[in-house]
Amino acid sequence: MKRSGIISIIITCVILAVVIGGFAFYLGHRSRTGGEEAVESTVVQKVLQKDLARNYPPTPKEVVKYFAEITKCFYNEEYSEDELEKLAVQIQGLYDEELIANKSQEEYLQDLRAEIASMKESKSTIHSYEVSASTDVVYFTEKDASCARLYCNFYVKQGAGNVPSLEQFILRQDAEGHWKILGWDLVEE
């Protein structure tokens, strides 16, 4: 009888330990997943997640593609004033120092807000864009600097149709080897 009493105490202790451990696991797991509901990131938040200091686009084509993604956010998405300013800083991270020096930050933001308001007033959005193929990028040297020329066709949705807007981009390589946008211009057909 003594032996069966000891065995039943051991079995009871093991069962109790399993129940307590399982309950503790359940509570710990429930509080972690219950408090961290999956929050869907907006397009703007996804674009802003790119860390240019650690992961700068490696080619002129990739720089212009990222520029186009930010531009789509400006004209197509809803965002806070804080997010607008962060998008402005992010896109300026793609600009050559010479381009940035043309305007103060306040002037740049003021012009950007006016341009966005104009697009929204005309009910225009950027439907899509198409960047030149890598083989169509023209590389050249000017004033001892490596430069690149390529095109991006923005398809602007106005009313029922899409109007193409072809832009020519000039990029220059900086001292760190990053391709920076020196300027862009609308190509008249």
>> Multiplying the sequence separation of Tyr155 and Glu78 by 0.36 nm and subtracting their Cα-Cα distance, what value in nm do you get?
In response: 25.8 nm
> Measuring from label point to label point, each 7 Å out along Cα→Cβ, what is the Glu98 to Leu186 span in nm?
Replying inline: 2.4
>> With the crude spin-label approximation of a point 7 Å out along Cα→Cβ, what separation in nm comes out for Val89 versus Asp144?
In response: 3.4
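Could you look at the range 51-189 and say what percent of its accessible area is carbon and sulfur, using a 1.4 Å probe and all protein chains?
On the way: 3850 of 8210 Å².
The computed percentage sits at 47.
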> Is the range 65-135 best put as rounded, prolate or oblate by its Cα gyration tensor, with a ≥ b ≥ c the root eigenvalues, rounded for a/c under 1.5, and otherwise prolate when a/b is larger than b/c, oblate when not?
Replying inline: oblate
>> Quick check for you: with a 1.4 Å probe and neighbouring chains kept, what is the accessible area per residue of the range 126-180, in Å²?
In response: 59
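Could the peptides 168-177, 57-66 be put in order, highest first, of the mean number of other beta-carbon atoms found within 10 Å of their residues?
57-66, 168-177
The values are calculated or read from the model by the stated rules, or taken from the named source; none is laboratory data. These figures come from a predicted structure and were not determined experimentally. Every residue, glycine among them, receives a Cβ derived from its backbone with ideal geometry; neighbour counts consider all protein chains shown. To get the accessible areas, we keep the full protein, side chains included, count just its heavy atoms, and leave off ligands, DNA and RNA. Shrake-Rupley method; radii C 1.70, N 1.55, O 1.52, S 1.80 Å.
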